[in-house]
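The values are calculated or read from the model by the stated rules, or taken from the named source; none is laboratory data. These figures come from a predicted structure and were not determined experimentally. No Cβ is skipped: glycine too gets one built from the backbone with ideal geometry, and neighbour counts run over all protein chains shown.
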Amino acid sequence: MSLRSSRLTAFVSVTALCALALPVAAIAQTLPTLAGPAAVSEVFGVPAAVRVQAERFSAANVRALITDLDLRAKFTADGQGVIYRTGAKGAGRILRVDLKTSGVSELATETTLTALLAAQGLKTDGGIEVAPTQYDRDKDILSFYAGAREWRYERASGKLYPVERLPTETGVLSPDGKYRVVSRNYNLWLVEVATGRETALTTDGVYDRRYGQNYPQLGDMVAANSETPDMRVSVQWSGDSRRLLTYRLDRNGSYIWHAVQPNPPGSRFPRTFAYVYPNAGAAEVPQVHPVVVDISAALEGKPALTLPDLPAQSLLWPGDPNLWFNEAGRIVYEWQARGYGEVELFEADPVTGKSQLRLHEALSPNVYVTSTSMRAAPELGGYLIISERSNWAQLYFLQDGENPSGGKALTKGDWEVTGIAHVAKGGPILITGIGRETGVNPYFRSLYKVMLDGKIVNLTPEPLDHDTTVSEDGEWIIDRMSTPSEPPRTVLRRASDGVIVLELGRADHSALLAAGFTLPEVFETTAEDGKTKLYGTIYRPAHFDPSKSYPVIENVYTGPTTHRFAETYGGNVPTNLAALAQFGAIVVIIDGKGTSQRGKAFRMPAWQNLGEVGLDDHIRVLKAMKAKYLYFDLDRVGVYGGSAGGYDTARFVLRRPDFYKVGVASSGNHDLRLDKAWWPETTMGNADDATWEKNSNISVAGNLKGHLMLIHGDIDDNVPVAATLRLSAALTAAGKPHDLVILSNTPHNVNQPYYWNRLTGYFYQYLIEVK
């Protein structure tokens, strides 16, 4: 495998509620189905009829009213075709495009497949929509998913059979098939396949110093009921099976967390787990050291372990380092300084351990990792880097042997290169980018062809968002284009010039509109400078009446590693934002300054300022919406979000309490120092304690004036529940009434019926139908 991976006093009304032992599985984008007494009365203060109306426009029910929302188009493994699905649920067709002739042929119909699936015992009531995954032209076999499992359909014989899930193999097999590497007691062992004979590759591994395995996450421990769950071995073989590339992980004094699962299924008593979770701002975090193992030396009982001349990497999240063998058998290693002041790419000789610095990036105040990307480009005889050297993420090329800090700019301008889709030998390079085209929403994606002389061609010129997939040979493009309100159109393009060769299909939302659904509206205004554009999206209830007054609920996630604005139709229409609006509110999303992919200057207000960034921009946009639409009631404004959006929700309510009156914050990292290190440090860098404290929601708990509900899962391994409990304690100490919901056996994603009922009930009680 590759190691490459390129985040209560009497005055306080605190409702410590566990969610009735609901399963851990996240039910994202779904709504509860009303049943029993709830169907004829109220659920958390919301009349049943209101919930029924909202459920009509749940994400799942909206999706059911749109035909061909996602064709699931993909290139076949042989590179000679495209397969996709089109048609209404249960009556769809699976088609194949021949890339040589552009001819379209039918592989199967859902009518045929449904009958075969029913014969296999699958419930087919209401129809089944299959998702094609692959087509083997030589064997004439179609692979697809249906009923939560994969199937094979032999077209010639008409036979259908399920794909059996193979047992997980133990260890990592060598390319020659002779050896397997396994992990035991924090050490690596070599197992000869033919005989089972074992040879220790490392012998000094202990809990605080382990080889070839990262730290298990809390969720994995809970699932296994063990602090040492089964984990994959993180090693990579050289192509000749002579060496292993892996790493040694030293805890380096990093804090050991202790989690409690109060209500484990099947047990009367709580369970506890100790785990390593590197924290933002911590003085010590684990260190990763690249390691090479000489297999021959190990088999002969000789010293076999060497540490290449490469710097140790701070582990800021339990994940593998960017470390791999390239095609030439050399080690490639991406290193980041703590605080992200520098990022470097090394190559090293696995025999001598000698390393060479190939790329070096150092920017002030830091290198922003979500706007930076490095990769070797042997097709061009050098390296490619996406860098913010010009204050915009642009593409640079460095020849082999060139100054690691240098390079030639292949793109330029006030726009962002967001990814490298394909590199051909000698060029061109296909890249994705946003913000380049005049008059087009700056968040809409395009695909470009870039030559080494800097010439650039837009292969997707329509003023829409383009969700593209490039074929492995770089000759073809599947383009799924849409806007927040315009349904997707999926086409096949030539990569040479972007010409549309064939339209695969268009989504049809006529049934949705006939049901009274109100499409979202993109809103544009300017920041306080009168120049910088700010964007948001407005979601209105079905059968919207502009003569009425509506409270406003903002769904918030202020980045800064991303942005909240959703470019696509699929990211806006079949979501629960519209379902929330059905309770009688206007729902909005907004991007203020401090978010990503609008240039460095737009993002920089977030630097060491996560507590305040964007607040006044959001209020400014809402006031601009009110100026245009008088039915916006800005005396009734609420906000909700999860994860960093939970942090945002609390800070909005606590730092602008006279504007934001009601908030529901879930899974929030309310004190950034209790969060995993990587996410806060991308924007906080190596901040001092006073700066960390200034950006903590706990420091402003005394500001609460309105209504705030805090929600968190008790086994969250992304943001520990301690973050929410600390904020609750601070609110309690300040004598501030609030609500606390702890969801039992729930991880970071709290989306489940109980969560949805509490969130909607809270807004209905305190914002929509205020008594």
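For ALA274, state whether it is touching a strand residue (DSSP E or B) at 6+ places or on another chain (Cβ under 8 Å) and either within 30 Å of VAL721 (Cα to Cα) or surrounded by 21 or more Cβ atoms within 10 Å (Cβ to Cβ) (or both). Taking the combined requirement at face value, the residue satisfies it. Among the residues of region 562-573, not one is within 18 Å of the chain's Cα centre (by Cα) and more than 15 Å from TYR443 (Cβ to Cβ). Counting only strands (runs of 3 or more DSSP E) that sit wholly inside region 401-455, those with at least 1 residues that are touching a strand residue (DSSP E or B) at 6+ places or on another chain (Cβ under 6 Å) and surrounded by fewer than 18 Cβ atoms within 10 Å (Cβ to Cβ) are 416-423.
Yes or no, residue by residue, for (1) polar (S, T, N, Q); (2) touching a Ser or Thr at 6+ places or on another chain (Cβ under 8 Å):
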| position | (1), (2) |
| --- | --- |
| THR170 | yes, no |
| ASP176 | no, yes |
| ALA194 | no, no |
| THR203 | yes, no |
| ASP208 | no, no |
| SER226 | yes, no |
| ARG232 | no, no |
| SER238 | yes, no |
| LEU249 | no, no |
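Could you tell me whether ASP635 is modelled with pLDDT of 95 or more, over 22 Å from the mean Cα position of the chain (by Cα) and either among the basic types (Lys, Arg) or in the same structural domain as VAL46 (by TED's automatic domain parsing) (or both)? Against the criterion (modelled with pLDDT of 95 or more, over 22 Å from the mean Cα position of the chain (by Cα) and either among the basic types (Lys, Arg) or in the same structural domain as VAL46 (by TED's automatic domain parsing) (or both)), ASP635 qualifies. Residues in region 297-313 that are within 16 Å of TYR215 (Cα to Cα) and surrounded by fewer than 21 Cβ atoms within 10 Å (Cβ to Cβ): none. Under the condition of being more than 18 Å from the chain's Cα centre (by Cα) and assigned to a loop (DSSP other than H, G, I, E, B), the residues counted in region 575-593 number 6.
Counting only residues that are surrounded by fewer than 24 Cβ atoms within 10 Å (Cβ to Cβ) and either among the basic types (Lys, Arg) or at pLDDT below 95 (or both), region 602-625 holds 2 of them.
Would you say ARG489 is over 18 Å from GLN597 (Cβ atoms), crowded, with 21+ Cβ neighbours inside 10 Å and among the basic types (Lys, Arg)? Here the answer is no, as ARG489 does not meet what is asked.
Can we say GLY353 is small (Gly, Ala, Ser) and under 25 Å from SER174 (Cβ atoms)? Yes.
Of the strands (runs of 3 or more DSSP E) lying entirely inside region 257-343, the ones with 1 or more residues being at pLDDT 95 or above and under 22 Å from ILE715 (Cβ atoms) are found at 271-276. Answer yes if at least one residue in region 127-146 is touching a Gly at 6+ places or on another chain (Cβ under 8 Å), within 30 Å of VAL104 (Cα to Cα) and among the hydrophobic types (A, V, I, L, M, F, W, C), and no otherwise. Within region 127-146, one or more residues are touching a Gly at 6+ places or on another chain (Cβ under 8 Å), within 30 Å of VAL104 (Cα to Cα) and among the hydrophobic types (A, V, I, L, M, F, W, C). Scanning region 544-558 for residues that are within 23 Å of ASN757 (Cβ to Cβ), in a helix (DSSP H, G or I) and hydrophobic (A, V, I, L, M, F, W, C) turns up nothing.
Can you spot a residue in region 580-601 that is surrounded by fewer than 17 Cβ atoms within 10 Å (Cβ to Cβ) and either modelled with pLDDT of 95 or more or over 30 Å from ARG673 (Cβ atoms) (or both)? Yes. Could you grab the pairs with beta carbons closer than 9 Å, sequence gap of 6+ or different chains, first residue in region 561-575 and more than 13 Å from LEU69 (Cα to Cα), second one modelled with pLDDT under 95 and among the charged types (D, E, K, R)? The qualifying pairs are THR561/ARG7.
On the stretch given as region 630-662, residues that are farther than 17 Å from PHE565 by Cα, touching a strand residue (DSSP E or B) at 6+ places or on another chain (Cβ under 7 Å) and among the aliphatic types (A, V, I, L, M) total 5.
Within region 73-86, if we keep just the residues that are assigned to a loop (DSSP other than H, G, I, E, B) and either surrounded by fewer than 18 Cβ atoms within 10 Å (Cβ to Cβ) or of a type in the set (Ser, Thr, Tyr) (or both), the residue that is farthest from the chain's Cα centre (by Cα) turns out to be GLN80. Of the residues making up region 99-113, one or more are among the small types (Gly, Ala, Ser) and over 23 Å from ARG494 (Cα atoms).
Looking across region 40-52, the residues that are loosely packed, with under 13 Cβ neighbours inside 10 Å and either at pLDDT 90 or above or aliphatic (A, V, I, L, M) (or both) come down to VAL40, ALA49. HIS289 fulfils the conditions (1) closer than 24 Å to GLU347 by Cβ; (2) touching a helix residue (DSSP H, G or I) at 6+ places or on another chain (Cβ under 6 Å) except for a single criterion, (2). Would you check if there is a residue in region 689-699 being surrounded by 24 or more Cβ atoms within 10 Å (Cβ to Cβ) and in contact with a Ser or Thr (Cβ under 8 Å, 6 or more places away or on another chain)? No: zero hits. Taking the listed residues ALA514, ALA527, the one that is among the small types (Gly, Ala, Ser) and either touching a strand residue (DSSP E or B) at 6+ places or on another chain (Cβ under 6 Å) or closer than 25 Å to ARG72 by Cα (or both) is ALA527, with no other qualifying.
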